[in-house]
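Engineer: Have a look at this one.
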Amino acid sequence: MLSVTEAFSLVLKHPLVLPAETIPLAQAAGRVLREPLVADRDLPPFDRVSMDGIAIRYQSFASGQRHFRVAGAQFAGQPAQTLDDETACLEVMTGAMLPLETDTVIRYEDIQITEGVAEIRIETVLPGQNIHQRATDRKQNDELASVGTRLGPPEMAVAASVGKAMVLVSRLPRIALISTGDELVDVSETPEPYQIRRSNTYLLQTVLQTVGAQTALLHLPDDAGAMETELKSLLNDYDALVLSGGVSAGKADFVPGVMERLGVRQVFHQVAQRPGKPLWFGASEAGKVVFGLPGNPVSTFLCAYRYLLPWLNASLGLRLSQPTVARLSQPVMFQPRLTYYLPVSLSISPDGSWLAEPLPGSGSADYANLLQCDGFMELPSEQSAFKAGEAFPVYTFR
Ligand SMILES: Nc1nc2c(c(=O)[nH]1)N[C@H]1C(S)=C(S)[C@@H](COP(=O)(O)OP(=O)(O)OC[C@H]3O[C@@H](n4cnc5c(N)ncnc54)[C@H](O)[C@@H]3O)O[C@H]1N2
Ligand code: MOO
Ligand SMILES: [Mg+2]
């Protein structure tokens, strides 16, 4: 059986290929760039006054002059004025162009203006002070953000400042989240004694919301024929399908067979892990990707966090987030040769490291147990006794 590492690397070999689209910048927050952001001008584009005060010629100050006639005022949003008289000054506002023939700005706090004359009341003035020099941040034509960058707050500000009213980004992934099983009823229904309400698709939707995927919540009965018909059209309409349930050894576990008939090639089935051993993964010639997540809710969740979400991030060109490393608060035994994902709650120990409190619950159907959990600690398959204080990665979901 495949190890977690092998299965994960096979998943990453099948990234989603999304088309690019051009959209208004105001709608692009969180999207992934398909074109670089390039400086259309120097940053800043002119010598920018960075403090309200007066602009002078430094040479005048250096030669001992302390009183400067105020010859006018330069406001932000005006073209640069010229200081014609080098013994005078111009009042200047933050964000204004530095007036021509001036090279130094002194703050209002450091001067006194009386009857149109500014007196400099500090000893030390440095040439060029309080000026944000043109092109000191970036030069025209510099690449500011590369293809594959996610448009977070700084990227949106930079995109706006370089005039990207329309921006080329990856289209949002369209992912169908499909529960399967005759025992499952809608959230609005009152279940019969032999039924339960379906919950996995809500969980999956919440996981995928973090990357802005467009999701649809669907349900299919345990009927191979009906599944085949419906899944065929869903494969057409969506970039990827994420199914929950129907991948184990039961007589109504139809997902692998139906996928084969629909031409979705199995990449793997079963991973040496608990929960989530029956995980199924496949891809079609047309580049559609299918995750068959085991139906038990904790398995669905673990597989979504450990495989589906990183796969989507990688497909979008985003960095994979690294697990937290935490120390076990108490010993744990786990005999099977499987990677064990132990539900844990995290706290900070007195030495500043993460401490993981095991909350194993009653197994992979015990989704209520997850309410107290912060993540899954990944315990390696080669080991069966895990000591208090031993450190392992934790995939956190809070
Ligand atoms: N003989 C074997 N039996 C089982 C094995 C095995 O290896 N051999 N694996 C077990 C493991 S591990 C898991 S996990 C489950 C996976 O089962 P399936 O993926 O086939 O899922 P189902 O049979 O459809 O359902 C399992 C369980 O999960 C509940 N479920 C399913 N979907 C939802 C949903 N949307 N919301 C809430 N709960 C859901 C379902 O009612 C079942 O109780 O198989 C073991 N068996
Ligand atoms: O993945 Mo299963 O959930 O181990 O029961
Ligand atoms: Mg089953």
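The values are calculated or read from the model by the stated rules, or taken from the named source; none is laboratory data. The structure presented is a predicted model; accordingly, all values stated were derived computationally and were not measured. Counting neighbours? That spans all protein chains shown, and the Cβs are built from the backbone with ideal geometry, glycine included.
Engineer: Does Asn313 satisfy being under 30 Å from Ala388 (Cβ atoms), of a type in the set (S, T, N, Q) and within 29 Å of the chain's Cα centre (by Cα)?
Structural biologist: On the way: under 30 Å from Ala388 (Cβ atoms): no; of a type in the set (S, T, N, Q): yes; within 29 Å of the chain's Cα centre (by Cα): yes.
No, not satisfied.
Engineer: Return yes or no: is Arg174 closer than 25 Å to Leu312 by Cα and more than 16 Å from ligand 3 (Cβ to nearest atom)? Spell out the reasoning first.
Structural biologist: On the way: closer than 25 Å to Leu312 by Cα: yes; more than 16 Å from ligand 3 (Cβ to nearest atom): yes.
So Arg174 passes the test.
Engineer: Determine whether Thr149 is modelled with pLDDT under 95 and touching a strand residue (DSSP E or B) at 6+ places or on another chain (Cβ under 8 Å).
Structural biologist: Values: modelled with pLDDT under 95: yes; touching a strand residue (DSSP E or B) at 6+ places or on another chain (Cβ under 8 Å): yes.
Against the criterion (modelled with pLDDT under 95 and touching a strand residue (DSSP E or B) at 6+ places or on another chain (Cβ under 8 Å)), Thr149 qualifies.
Engineer: Go through segment 247-285 and count every residue that is assigned to a loop (DSSP other than H, G, I, E, B), touching a helix residue (DSSP H, G or I) at 6+ places or on another chain (Cβ under 6 Å), within 12 Å of ligand 3 (Cβ to nearest atom) and closer than 26 Å to Ser381 by Cβ.
Structural biologist: Total meeting the criteria: 1.
Engineer: Something else about it: Which ones in segment 189-222 are touching a residue at least 40 places away in the same chain (Cβ under 8 Å) and either part of a loop (DSSP other than H, G, I, E, B) or more than 13 Å from ligand 1 (Cβ to nearest atom) (or both)?
Structural biologist: The first filter runs over segment 189-222 and keeps only residues touching a residue at least 40 places away in the same chain (Cβ under 8 Å), leaving 199-201, 203-204, 207-208, 210-222.
Within segment 189-222, Ser199, Val207, Leu208, Thr210, Val211, Gly212, Ala213, Gln214, Thr215, Ala216, Pro221, Asp222 meet the criteria.
Engineer: Specify the residue that is farthest from ligand 2 (Cβ to nearest atom); the eligible residues are those in segment 241-288 that are among the acidic types (Asp, Glu) and over 18 Å from Ala365 (Cα atoms).
Structural biologist: From segment 241-288, those among the acidic types (Asp, Glu) are 253, 260, 285; that's our starting set.
Checking the rest, the ones that are also over 18 Å from Ala365 (Cα atoms) come to 260, 285.
Working: Glu260: 22, Glu285: 29 Å.
Step by step, filter segment 241-288, then rank; the result is Glu285.
Engineer: I'd like to know if segment 325-333 contains one or more residues that are in contact with a helix residue (DSSP H, G or I) (Cβ under 6 Å, 6 or more places away or on another chain) and either more than 16 Å from ligand 1 (Cβ to nearest atom) or not assigned by TED's automatic domain parsing to the domain that holds Leu371 (or both).
Structural biologist: Of the residues in segment 325-333, the ones in contact with a helix residue (DSSP H, G or I) (Cβ under 6 Å, 6 or more places away or on another chain) are none.
Checking segment 325-333: not a single residue is in contact with a helix residue (DSSP H, G or I) (Cβ under 6 Å, 6 or more places away or on another chain) and either more than 16 Å from ligand 1 (Cβ to nearest atom) or not assigned by TED's automatic domain parsing to the domain that holds Leu371 (or both).
Engineer: For residues in segment 282-315 being of a type in the set (Val, Ile, Thr) and within 16 Å of ligand 1 (Cβ to nearest atom), which is surrounded by the most Cβ atoms within 10 Å (Cβ to Cβ)? Working first, answer last.
Structural biologist: The initial filter retains those residues of segment 282-315 that are of a type in the set (Val, Ile, Thr), namely 289-290, 298, 300.
Imposing the further condition that a residue be within 16 Å of ligand 1 (Cβ to nearest atom) reduces the set to 290, 298, 300.
Working: Val290: 27, Val298: 25, Thr300: 30.
Once the filter is applied, the top-ranked residue is Thr300.
Engineer: Within segment 347-376, restricting attention to residues that are of a type in the set (A, V, I, L, M) and more than 16 Å from ligand 3 (Cβ to nearest atom), which residue is surrounded by the most Cβ atoms within 10 Å (Cβ to Cβ)? Break it down into steps so the answer makes sense when it comes.
Structural biologist: Applying the first criterion (of a type in the set (A, V, I, L, M)) to segment 347-376 yields 348, 355-356, 359, 365, 368, 370-371.
Checking which are more than 16 Å from ligand 3 (Cβ to nearest atom) leaves us with 348, 355-356, 359, 368, 370-371.
Numbers: Ile348: 10, Leu355: 18, Ala356: 28, Leu359: 16, Ala368: 10, Leu370: 19, Leu371: 8.
Looking at residues that are of a type in the set (A, V, I, L, M) and more than 16 Å from ligand 3 (Cβ to nearest atom), I get Ala356.
Each row is one residue, and each column tells you yes or no for (1) assigned to a helix (DSSP H, G or I); (2) under 30 Å from Tyr341 (Cβ atoms); (3) in contact with a strand residue (DSSP E or B) (Cβ under 8 Å, 6 or more places away or on another chain).
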| residue | (1), (2), (3) |
| --- | --- |
| Pro15 | no, yes, no |
| Thr22 | no, no, yes |
| Arg41 | no, no, no |
| Phe61 | yes, no, yes |
| Arg69 | no, no, yes |
| Gly77 | no, no, no |
| Glu91 | no, no, yes |
